[in-house]
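A short worksheet on the structure shown next.
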Amino acid sequence: MENILEIKDLHVSFDTYGGEVQAVRGVNLELKKGETLAIVGESGSGKSVTSKTIMRLLPKPAARIKSGEIWFNGKDLTKLSEKEMQKIRGSEISMIFQDPMTSLNPTMSIGKQIMEGLRKHQKLGKQEALQRAIELLDLVGIPNPEARVKQYPHQFSGGMRQRVVIAIALACNPKVLIADEPTTALDVTIQAQILDLMKDLQNKMQTSIILITHDLGVVANMAQRVAVMYGGKIVETGTVDEIFYRPKHPYTWGLLSSMPRLHSKTDELLAIPGTPPDLSNPPKGCPFAPRCPHAMKVCVEYMPDYTTLSETQKTACWLLDERAPKVEPPEIIAVGGAGK
Amino acid sequence: MGRYIVQRIIYMIVTMFVIVALTFFSMKLLPGTPYKNQEKLSPEMIELLNHKYGLDKPLPVQFVKYVGDLLKGDLGVSFQFDGRPVTEIIGERLPVSADLGFEAMVIGLVFGLLLGIIAGLRRNTVWDYGSMIVAVIGVSVPSFVLAQLMQYYFAVKHHWLPVAYWEGPAYHILPDIALGFGPVATIARYMRTAMVDTLNQDYIEMARAKGLSRPAVTFKHAVRNSLIPIVTIVGPMAVNLMTGVLVIENIFAIPGIGDQFVTSVYTNDYPMIMGTTIMYSVAFIVVVFIVDLLYGVIDPRIRLAGGES
Amino acid sequence: MMAVSKKEITQDMFQPAVIDKSLQEQVSGPSIGFWSDGFRRLRKNKAAMVSAFIILLIVIMALVGPHMSKYGIDDQDLKRSNLPPRISALANIHWLPFDGKNEQGVDVYKERGIKQDLWFGADKLGRDLWTRVWKGTQISLFIAVVAAAADLIIGVAYGGISAYFGGQVDNIMQRILEVLNGIPNLVIIILLIIVMQPGIPAIILAIAMTGWIGMARIIRGEVLKLKNLEFVLAARTLGASDSRIISKHMVPNTMSMIIIHTMFSVPGAIFFEAFLSFIGLGLQPPKASLGVLINEGYKMLSLHPYQALFPGVIISLLLICFNIFGDGLRDAFDPKLRQ
């Protein structure tokens, strides 16, 4: 399948009072047409920064793209001017934010907020845009859209607001949708509804989705492929099956073991000890080495290259080197296969 | 909403009553008599005058009479201006103060918002620092110091502008600026804080993610929402300016209500002091009330919350 | 399979690494307490530090200044009437007003045969303005500090009681506050001054009476917020007494707000004192405060502008510096701004 978005060796840094923080350190990713790619990792792993870099929404002048390319539709997004980028944002690539309580403008009716993008990108008149806004609200499952379109965000519940945010994001039929933790701020019961809605709309509109999350349950439910990020790098990528059933990276093992599940033999929930690396002073070796139960001397000194395990699975870990001792994944993964 | 308004009106009435009572009884505590040339008056004359103005009756009776008259819109007569009704004097002087105050307010709003928006948008640049230096000076330097400085430099020393009085447009320039500088600074500071706060909100990023142009994000989303807190400070500020700022009218010899008030205080002109105080308080309370209602119109969140409370 | 310099990677590097487990739990960067963090940020704020220095300088001058001149605050001598300022060392710098010449460019010192320099000149009664300006600064500062302290005590007590006990107490106290807040400050102040006769006590009382409401509101808001935070609830569950909760939890957590607000009420009080004195409701001559001096100077503005200049400059400097320093304190210590 053809790639709709390709990220090549992306480096992003923030300049802070404490010095340079290397939030993203050489990320390679591709997104295929119509697929959902999940980027998972804990806070500070660089997943949100990667997504904001695609949208070019990084705070200026604190953040800068140090190097790398983001290819979309034959254009390198990192080279576009702000004006050119504005044409792409919201029409070809759009974004769903984490917290629907704060991502809508409280003083503007939701109809107007949906219409803004339509009027800008599709040059619709006021009446047409309003009509389209009502259709969109209907599409995302908001009852009585003709009346709701005039209302303000505070008159909607959290779940309903997230539906509005989705309507705004999908207003112009974008080719790529970036969903940054779209359900984290919602009640569990609402989460499933929103995920179903997204899946449903993806089928209707053939949108490719980049799903940023730390919730592996969401990944299992939504994604076809997964990229695991740690310390500003992608440590393992693969299909959902590969990541859940044949993971090779100890960090992925850790993530999977720390995930609660219903039918597991053990009751314990395994945490990964330690804290993520300080990216203002990034480690020269594998960023996970200090927390890795299988760390070797080489891990501390050198960053491993990717080992291609299948057409779709790549893992950066020294354990896959022929000289490394054989290490079995924790029992919990070997036995159960996580999540599904 | 209706219940909220009724509740607010009740508060306003209670507040007004407290103010009227407070003013009335403090006037009675004043030493001396309120009459012109009091040194020359014999005790008999004073008694006669007291009888004439009803000042010989017991205090509660006087108070009830005053409140009764007040409700009819009668503020009594000035002792100093040969028995002219207080309402007439206020009616004559208030328009001058309102004119001056309005012009200063316009200056304050235009330049204050402009400086605040620029500073908020270009945070930590020369623009920001420049605007905030102007704002700190404006907030800090008392208007009477600034007014004197300007009067001396532009009028006394260089004769570019008239020294005082309130006649042609040229006479307005110095007082307007002297009075407007404070509001410029206050509004600029509030607006900057509000802008910085708003620009950090998620919905601004969301608006950018929609592909809106920078001016559209700035004006439709950021500035509009930043104006909400400004409304609360602008209301009372406008009343303060329009009901006469004592020192500016004093310095530039402008025949406004503030200038009148100072004179009344010196001369123990009770009805005048009370009338001016009550008029000022009514204006203040009513404007604060209107601002609160207006707040609801601008910020849809309050509209509902106000209705529920 | 390996791209990186393979030769450097030897078999023995595939031995388990010894990793200091204690490092794992170490939080990067030393943890910084609220106060030391605040002071560190305050020290970095150059404008605030310069302002603090200028305030300190003015305070010192207000204390020692009046003793530096041999003339007392009310020593009159018509020979020195309206004598322009002169500082011999600075007399040749033409843009400074210290050459001892009046507006017409006449050297008044030579004309009247006065040897002694009067650094800030003299007023129409020949009183030394140096002494009067610093004495006035002293009185203005005194009034401001006492008024701000009164503000603080009344405001903290009222707001704290109202919020801490809550319920009906809070309800009644807030209704009273609402009515009081409806009365314009200027009305209260002027009525009070008229009734009490102008003077230092009347001014302090007037400023304090109007200033505490803002403080009470801030404290009430903070305490209400704190009251429901987990650590206070936890302390209460563990059986801590009211006084312990107030002293150990409420006070330290509201302290920064109190300090910041006080830092802004001092310049507010300085301004109000000057304003009252300027319209003639403040201190009465021969007592001097900055407001009185500006008022007296204003009467001579067209002929002897220097008389209003010095008190005007000092009050402006004081207010500017207090405001900048207050801003700096707020930026450094407001927990809401801490990131």
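The values are calculated or read from the model by the stated rules, or taken from the named source; none is laboratory data. Keep in mind that what you see is a predicted model, and the values were worked out from it rather than measured. In this analysis, Cβ positions are derived from the backbone assuming ideal geometry, glycine residues included, and neighbour counts consider all displayed protein chains. What goes into the accessible areas is simple: the full protein's heavy atoms, side chains included, and nothing from ligands, DNA or RNA. Shrake-Rupley method; radii C 1.70, N 1.55, O 1.52, S 1.80 Å.
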**Prompt:** Which strands (runs of 3 or more DSSP E) sit wholly inside segment A:168-247 and have at least 2 residues that are of a type in the set (D, E) and open to solvent by 10 Å² or more (accessible area, probe 1.4 Å)?
**Reply:** none
**Asked** Can you name the residue in segment C:125-158 that is open to solvent by 50 Å² or more (accessible area, probe 1.4 Å) and in contact with a Leu (Cβ under 9 Å, 6 or more places away or on another chain) and, of all such residues, is nearest to C:I60 (Cα to Cα)?
**Response** C:Q138
**Message:** Consider segment C:266-316. How many of its residues are among the small types (G, A, S), open to solvent by less than 10 Å² (accessible area, probe 1.4 Å) and part of a loop (DSSP other than H, G, I, E, B)?
**Reply:** 3
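Kindly indicate whether B:F289 is among the aromatic types (F, W, Y), in contact (Cβ under 8 Å) with a residue 60 or more places away in the chain, away from chain A (no Cβ under 14 Å) and open to solvent by 20 Å² or more (accessible area, probe 1.4 Å). Working first, answer last.
Working: among the aromatic types (F, W, Y): yes; in contact (Cβ under 8 Å) with a residue 60 or more places away in the chain: yes; away from chain A (no Cβ under 14 Å): yes; open to solvent by 20 Å² or more (accessible area, probe 1.4 Å): yes.
Considered against the rule, which asks whether it is among the aromatic types (F, W, Y), in contact (Cβ under 8 Å) with a residue 60 or more places away in the chain, away from chain A (no Cβ under 14 Å) and open to solvent by 20 Å² or more (accessible area, probe 1.4 Å), B:F289 comes out as yes.
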**Item:** Flag for B:G101 being closer than 15 Å to B:V239 by Cα, small (G, A, S) and crowded, with 20+ Cβ neighbours inside 10 Å
**Value:** yes
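What's the total number of residues in segment B:58-81 that are open to solvent by 60 Å² or more (accessible area, probe 1.4 Å) and closer than 19 Å to B:F261 by Cβ?
So in segment B:58-81, the residues open to solvent by 60 Å² or more (accessible area, probe 1.4 Å) come out as B:58-61, B:64-65, B:71-72, B:74, B:81.
Now drop any that are not closer than 19 Å to B:F261 by Cβ, which leaves B:81.
Residues meeting the conditions: 1.
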**Prompt:** Taking the condition modelled with pLDDT under 80 and open to solvent by less than 10 Å² (accessible area, probe 1.4 Å), does C:I246 pass?
**Reply:** no
**Message:** Looking only at segment B:202-248, how many residues end up being touching a Ser or Thr at 6+ places or on another chain (Cβ under 9 Å), farther than 22 Å from B:V291 by Cβ, surrounded by fewer than 23 Cβ atoms within 10 Å (Cβ to Cβ) and free of Cβ contacts under 8 Å to residues at least 12 places away in the same chain?
**Reply:** 2
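So which of C:S51, C:S22, C:S69, C:S31 is open to solvent by less than 70 Å² (accessible area, probe 1.4 Å), small (G, A, S) and at pLDDT below 75? Walk me through how you get there before you give the answer.
Working: C:S51 fails: at pLDDT below 75; C:S22 fails: open to solvent by less than 70 Å² (accessible area, probe 1.4 Å); C:S31 fails: open to solvent by less than 70 Å² (accessible area, probe 1.4 Å).
Going through C:S51, C:S22, C:S69, C:S31 in turn, just one is open to solvent by less than 70 Å² (accessible area, probe 1.4 Å), small (G, A, S) and at pLDDT below 75: C:S69.
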**Message:** Residues to consider are C:R236, C:R330, C:R220, C:R244; find the one that is under 22 Å from C:V50 (Cα atoms) and part of a helix (DSSP H, G or I).
**Reply:** C:R330
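Does any residue of segment B:267-285 turn out to be within 14 Å of chain A (Cβ to nearest Cβ), open to solvent by 20 Å² or more (accessible area, probe 1.4 Å), outside any helix (DSSP H, G or I) and not basic (K, R)? Can you show your working first?
Here is the first cut: in segment B:267-285, the residues within 14 Å of chain A (Cβ to nearest Cβ) are none.
For segment B:267-285, residues within 14 Å of chain A (Cβ to nearest Cβ), open to solvent by 20 Å² or more (accessible area, probe 1.4 Å), outside any helix (DSSP H, G or I) and not basic (K, R): absent.
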**Message:** Being assigned to a helix (DSSP H, G or I) and either within 30 Å of A:M160 (Cβ to Cβ) or at pLDDT 85 or above (or both) is the requirement here; does A:I54 meet it?
**Reply:** yes
**Message:** Just to be sure I understand, how many residues within segment B:1-25 are more than 10 Å from chain C (Cβ to nearest Cβ), exposed (fewer than 15 other Cβ atoms within 10 Å of the Cβ) and assigned to a helix (DSSP H, G or I)?
**Reply:** 9
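Residue by residue, here is whether (1) touching a helix residue (DSSP H, G or I) at 6+ places or on another chain (Cβ under 9 Å); (2) modelled with pLDDT of 70 or more; (3) among the polar types (S, T, N, Q) holds:
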site	(1), (2), (3)
C:A91	no, no, no
C:W95	no, no, no
C:G100	yes, no, no
C:V106	no, yes, no
C:Y109	no, no, no
C:A122	yes, yes, no
C:L125	yes, yes, no
C:L129	yes, yes, no
C:V133	yes, yes, no
**Request:** Of all residues in segment C:298-313, count the ones that are facing chain B (nearest Cβ under 10 Å) and either touching a residue at least 40 places away in the same chain (Cβ under 8 Å) or of a type in the set (A, V, I, L, M) (or both).
**Result:** 7
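Against the condition within 30 Å of C:F272 (Cα to Cα) and open to solvent by 30 Å² or more (accessible area, probe 1.4 Å), how does C:M255 come out, does it pass? Even if it seems obvious, please write down each step before you answer.
Numbers: within 30 Å of C:F272 (Cα to Cα): yes; open to solvent by 30 Å² or more (accessible area, probe 1.4 Å): yes.
The answer is yes for C:M255.
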**Complete:** Checked segment C:164-192 for anything crowded, with 18+ Cβ neighbours inside 10 Å and part of a loop (DSSP other than H, G, I, E, B); matches are C:I183, C:P184
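Quick check on segment A:117-141: of everything there that is in contact (Cβ under 8 Å) with a residue 40 or more places away in the chain and under 17 Å from A:S91 (Cα atoms), which residue is surrounded by the most Cβ atoms within 10 Å (Cβ to Cβ)? Write out each step before concluding.
Of the residues in segment A:117-141, the ones in contact (Cβ under 8 Å) with a residue 40 or more places away in the chain are A:117-118, A:121-122, A:139-141.
When the remaining residues are screened for being under 17 Å from A:S91 (Cα atoms), the result is A:117-118, A:121-122.
On the way: A:G117: 27, A:L118: 24, A:H121: 23, A:Q122: 14.
Looking at residues that are in contact (Cβ under 8 Å) with a residue 40 or more places away in the chain and under 17 Å from A:S91 (Cα atoms), I get A:G117.
Against the definition (assigned by TED's automatic domain parsing to the domain that holds A:D99 and part of a loop (DSSP other than H, G, I, E, B)), how does A:G159 come out, yes or no?
Numbers: assigned by TED's automatic domain parsing to the domain that holds A:D99: yes; part of a loop (DSSP other than H, G, I, E, B): no.
The answer is no for A:G159.
May I ask you to list the residues in segment C:193-217 that are open to solvent by less than 60 Å² (accessible area, probe 1.4 Å) and not in a helix (DSSP H, G or I)?
C:P198, C:G199
If you take the residues of segment B:162-188 that are in contact with a Ser or Thr (Cβ under 9 Å, 6 or more places away or on another chain) and crowded, with 18+ Cβ neighbours inside 10 Å, which of them is nearest to B:L114 (Cα to Cα)?
Let us first name the residues in segment B:162-188 that are in contact with a Ser or Thr (Cβ under 9 Å, 6 or more places away or on another chain), namely B:163, B:178-179, B:181-182, B:185, B:188.
Next, only the ones that are crowded, with 18+ Cβ neighbours inside 10 Å stay: B:178-179, B:181-182, B:185, B:188.
On the way: B:A178: 18, B:L179: 18, B:F181: 13, B:G182: 15, B:A185: 11, B:A188: 7 Å.
Going through the qualifying residues, I end up with B:A188.
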**Request:** Kindly provide the set of residues from segment A:147-160 that are within 11 Å of another protein chain (Cβ to nearest Cβ) and open to solvent by 10 Å² or more (accessible area, probe 1.4 Å), ordered by number.
**Result:** A:K150, A:Q151, A:Y152, A:H154, A:Q155
**Request:** Check whether at least one residue in segment A:100-108 is in contact (Cβ under 8 Å) with a residue 40 or more places away in the chain, at positive phi and over 15 Å from the mean Cα position of the chain (by Cα), and report yes or no.
**Result:** no
